[in-house]
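What follows is a short report on a single structure.
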Amino acid sequence: MKLDIFARALGVASLFSRDLTVPNLPNDKLMEWGETEATKIFDQDLSSCDKCRQALDLGKKFALKNRDLTPRLLVKLCQKYNFTADCDTWQGDVITRGGKGKHAANVMTLLDPYGDDGQAVCAEFVKIKGKAACKYPDTPKFDISSWWPAKPQNPNIPKSEGKTFNAAHVSDFHIDLRYTIGAEADCDKGMCCTPVVENKKAKAAGLSPLVPAQKQGTYKCDSPEVLLDKGMQSVGTLAAVKDFEFAIFTGDMVSHDLDEWLSFAHTFQSEEECYYLMKKHLKDVPMYPTFGNHDSYPYAQLAQNKSGYAGDFTWNAELSAALWQDFGWIDEETEKQAAHTYGSFAVTTKRGLRVISVDSNFWYKANLYNWWNISDPDPSGTFKWIVSELLECEKKGQKAWLLAHVPTGAAAAATPWSAEIMRQIIVRFSPHVLASVFYGHTHADQFTVYYDGESDKDIVSEESALQIGWIVQSLTPMNNYNPGWRYYEVDTKTFEIMDSRNYYTKLNETFDFDMRYGKNVTTNGFEHLEYPAHTPQNMTWEFEYSARDAYDPDHTWPKNAPLNGTFWHRAARNIVTRANQTQLYYDHYYRKSPFVKQDCDGKCVKNLYCSFVTSTNDQLARCKKLKEIPHME
């Protein structure tokens, strides 16, 4: 949704021809001139791609002439062409209401409208008559082999002693500071369970709210504070029993609210509340967090130093790192590092594991700053920083975990070129350095397997399975999930995952209506589901499943072997070939919520296969073209 708004507001709204010169005019006259020139572009008999790239050229010239005025032009054109219902989200820089207009203007000063930048923007963001304005350019074939020496043939790998320790993994809190008990939970648009939303048809029928927001959370809404408090309480309680040595958090503290309701204060208060809940319940257990795409202001934006606009975003890394240090999660040296590496940092645990936490906003599609100079493999320096950390581990014979929010595979939304860079890094350092990779973002309980080989050769086999990307379930119930979290049993020497043990709460049991017995009724001409009353239960957290037990149904995997890429390759094969394993996977995907997908057909199974075995956009595109699922050796 947010990407589409940018597409229609920025892409359609901002370009000129190569030889156009922006005149020196007062602001009001310059606005009129910009609107006139944009109209000329839209009225031309040109291909959609040519119109889009001319529009980007216009936007660049206008922004270079008057960057501060550009957001006003975006709003004006949005209103004229009715690109979106809330055109004010493209306003300029304010701290009381989310608006990306300033950052759209910044990016327009940087990108090449007639090169791959412009083509990629028009392909990803701009739709004309329901179709992408341009075709995607070919993903740059980056050769980054100069970033590292040859992969060691006989690396020094620690030997397992058969002992384990425990570490927790939580993600995607999405605290909603505006969550209101009794507000509409089945709203037409916006953030349900907040005071300003409604269901218009239900309201007209005298049913307002149609579905009231519940005290401890609702399936179509983000998390009230009480849900997160009880969720983290369950983590803390088990931490004392299982002696968690540390925990990881893979991002997203801020709600999914519309830009118009976001603000600088809302963003930082949300982050602060979440950090305090972690500290409150984990006590002295260190937490190693990373930022999600919602943990920025405006939403998803983060500029590279090379862009010249990074200073707008340093506040988040500086304030958060100071809080992490104050809580004892990182030391002063690491705090300084995080403040200067966009919030990314690396720490060594007491057992010697290197935990590398990376801000994935530098490969997230909705970050406008990722769309200029796409021929540069590393405009932020983040990828080379990851490599430097992994090379140092390789020299020492040290194992590492890599944490990020947005997965690079089919499950998420990374830019194609960044996904390929990350694939190459993960393949180069797996499995002798990287013990595991961890993500969040999707809210679902998922995984993706990284395979050895070149990016254009899709070798999916047990022998080529190198690494696993663990995509953890969310605590927010948003999008019909039961809240959940997990902990890992970790080998004390190899730091590989020996098991994943997952917990969840049946959110619907805390409701004052019973979702199991809804019946279709008509009230004043409005058809809807009506539910009987139900006595709300206290929120309880239950053990859901062990990954080792669930996905090794025939018990063929050795008890002393880790849940590595090979294990998950076999798991993927079982899930796409056995109906009972397919359904079990979806039960876990939704954490047994009332909305669990049933009866996965052939197309559904193929989509599952592609989500398991692809780690780049190009691999996913090729996978989707397959007529049938290949035999998984």
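FYI, it's all coordinate maths here, none of it is from the lab. Not measured: the values here are computed from a predicted model. Here Cβ is always computed from backbone atoms with ideal geometry, including for glycine, and neighbour counts include all displayed protein chains.
Return the whole-Å distance between the Cα centroid of region 120-157 and the Cα centroid of region 470-491.
29
If you stretched the chain out fully between Lys135 and Asp312, how much longer would it get, using 0.36 nm times the residue separation minus the C-alpha to C-alpha distance? Let's see the in-between values first.
Details: separation 177, 0.36 × 177 = 63.72 nm, distance 3.22 nm.
In short, 60.5 nm is gained.
Separation between the Leu46 and Asn538 pseudo-spin-labels, each 7 Å from Cα along Cα→Cβ, expressed in nm?
With each label placed 7 Å out from Cα toward Cβ, I get 6.7 nm.
What does a probe at Gln233 reach in region 278-301, counting residues whose amide N is under 16 Å from the point 7 Å along Cα→Cβ?
Residues passing the 16 Å test: 278-283.
Counting only residues 5 or more places away or on other chains, whose amide H sits under 5 Å from the amide H of Met498 once H atoms are built in the peptide plane?
Glu489, Val490, Asp491, Leu563
List the aspartates and glutamates whose alpha-carbon lies under 12 Å from that of Lys603, not counting same-chain residues fewer than 8 positions away?
Qualifying aspartates and glutamates at Cα under 12 Å: Glu628.
Once the other residues with Cβ under 15 Å from the Cβ of His631 are scored (Lys, Arg +1; Asp, Glu -1), what is the net sum?
Working: positive: Arg570, Arg573, Arg578, Lys606, Lys627; negative: Asp458, Glu462, Glu463, Glu628, Glu633.
Result for the local shell: 0.
To the nearest 20 Debye, how big is the dipole of the chain about its Cα centre, given +1 on the beta carbon of each Lys and Arg and -1 on that of each Asp and Glu? Provide the component values of the computation, followed by the final result.
Numbers: 70 positive and 82 negative charges, 175 e Å.
Here the chain has a charge dipole of around 840 debye.
Among [x] 39, 28, 23; [y] 42, 28, 26; [z] 38, 32, 25, find the value of semi-axes √(5λ) of the Cα gyration tensor in Å that was calculated from the structure presented, and write down its label.
[z]
Can you tell me the alpha carbon radius of gyration of region 305-419 divided by the globular rule-of-thumb value 2.2 N^0.38 Å?
Details: Rg = 14.7 Å, N = 115, 2.2 N^0.38 = 13.4 Å.
Relative to the 2.2 N^0.38 Å estimate, region 305-419 comes out at 1.10.
Taking the dipole about the Cα centre of the chain, with the C-beta of Lys and Arg at +1 and of Asp and Glu at -1, give me whichever of Val596, Tyr219, Met478 is farthest to the positive side.
Result: Val596.
Can you pick out the pairs among Lys242/Lys280; Lys29/Lys80; Lys61/Lys131; Lys131/Lys201; Lys135/Lys606; Lys29/Lys127 whose Cα atoms lie more than 21 Å from each other? Walk me through the numbers before you get to the answer.
Numbers: Lys242/Lys280 18 Å; Lys29/Lys80 17 Å; Lys61/Lys131 26 Å; Lys131/Lys201 31 Å; Lys135/Lys606 25 Å; Lys29/Lys127 29 Å.
Check vs 21 Å cut-off fails for Lys61/Lys131; Lys131/Lys201; Lys135/Lys606; Lys29/Lys127.
Tell me the relative contact order for region 522-623 as a rounded percent, counting alpha carbon contacts under 8 Å between residues six or more apart.
Details: 41 pairs, mean separation 16.5, N = 102.
Relative contact order comes out at 16 percent.
For the chain, what is the calculated [θ] at 222 nm in deg cm²/dmol (nearest 500), taking -39500 (n - 2.57) for each run of four or more DSSP H residues and dividing by its residue count?
Per the formula, -10000 deg cm²/dmol.
Can you tell which of His266, Ala303, Gln619 lies farthest toward the positive end of the dipole of the chain, using +1 and -1 charges on the Cβ of basic and acidic side chains (Lys, Arg; Asp, Glu)?
Gln619
Of Val235, Val75, Val121, how do they rank once you tally other Cβ atoms within 10 Å and put the fewest first? Kindly include the intermediate steps, with their values, before the conclusion.
Values: Val235 24, Val75 21, Val121 30.
The fewest-first ordering by Cβ neighbours comes to Val75, Val235, Val121.
Using 7 Å Cα-to-Cβ label points, what is the Lys189/Lys242 separation (nm, one decimal)?
4.3
Tell me which trypsin sites (Lys or Arg not before Pro) from region 409-518 have a DSSP coil assignment and no more than 14 other beta carbons within 10 Å of their own.
Details: sites: Arg423, Arg428, Lys457, Arg486, Lys493, Arg501, Lys506, Arg516; in loops: Lys457, Lys493, Lys506.
Passing both the DSSP loop test and the Cβ count: Lys457.
Can you give the FRET efficiency to the nearest 0.05 for Val196 and Cys604, using r as the Cβ-Cβ distance and R₀ = 41 Å? Don't skip to the end; give the middle numbers.
Working: r = 36 Å, r/R0 = 0.88.
For Val196 and Cys604, the calculated efficiency is 0.70.
In the chain, which cysteines lack any other cysteine Cβ under 4.7 Å from their own?
Within the chain, the cysteines lacking a partner Cβ under 4.7 Å are Cys274, Cys393.
Tell me, what is the FRET efficiency for Tyr276 and Asn479 to the nearest 0.05, using R0 = 30 angstrom and their Cβ-Cβ distance as r? Walk me through the numbers on the way to the answer.
Details: r = 26 Å, r/R0 = 0.86.
With a Förster radius of 30 Å, E is 0.70.
Between Ser146 and Asn524, what length in nm is gained on full extension when 0.36 nm per residue of separation is reduced by their alpha carbon distance?
129.1 nm
For a quick check: with amide H placed at 1.01 Å from N, whose amide H comes under 5 Å from Asp359's, ignoring anything fewer than 5 positions away on the same chain?
Placed amide hydrogens put Ser344 under 5 Å from Asp359.
Take the residue pairs Lys76/Lys129; Lys51/Lys306; Lys159/Lys399 and return only those whose Cα atoms are more than 18 Å apart.
Details: Lys76/Lys129 21 Å; Lys51/Lys306 29 Å; Lys159/Lys399 11 Å.
Where the Cα-Cα span goes over 18 Å, the pairs concerned are Lys76/Lys129; Lys51/Lys306.
What is the sum of charges, Lys and Arg at +1 and Asp and Glu at -1, for the other residues whose Cβ falls under 14 Å from the Cβ of Ser344? Could you put the intermediate results ahead of the total?
On the way: positive: Lys336, Arg354, Lys384; negative: Asp295, Glu318, Glu335, Asp359, Asp378, Glu389.
Value of the local net charge: -3.
Size of the dipole of region 95-135 about the Cα centre, Lys and Arg at +1 and Asp and Glu at -1 on the beta carbon, nothing else charged, in debye to 20? Show your work: numbers first, answer last.
Details: 7 positive and 4 negative charges, 73 e Å.
That gives region 95-135 a dipole magnitude of about 360 debye.
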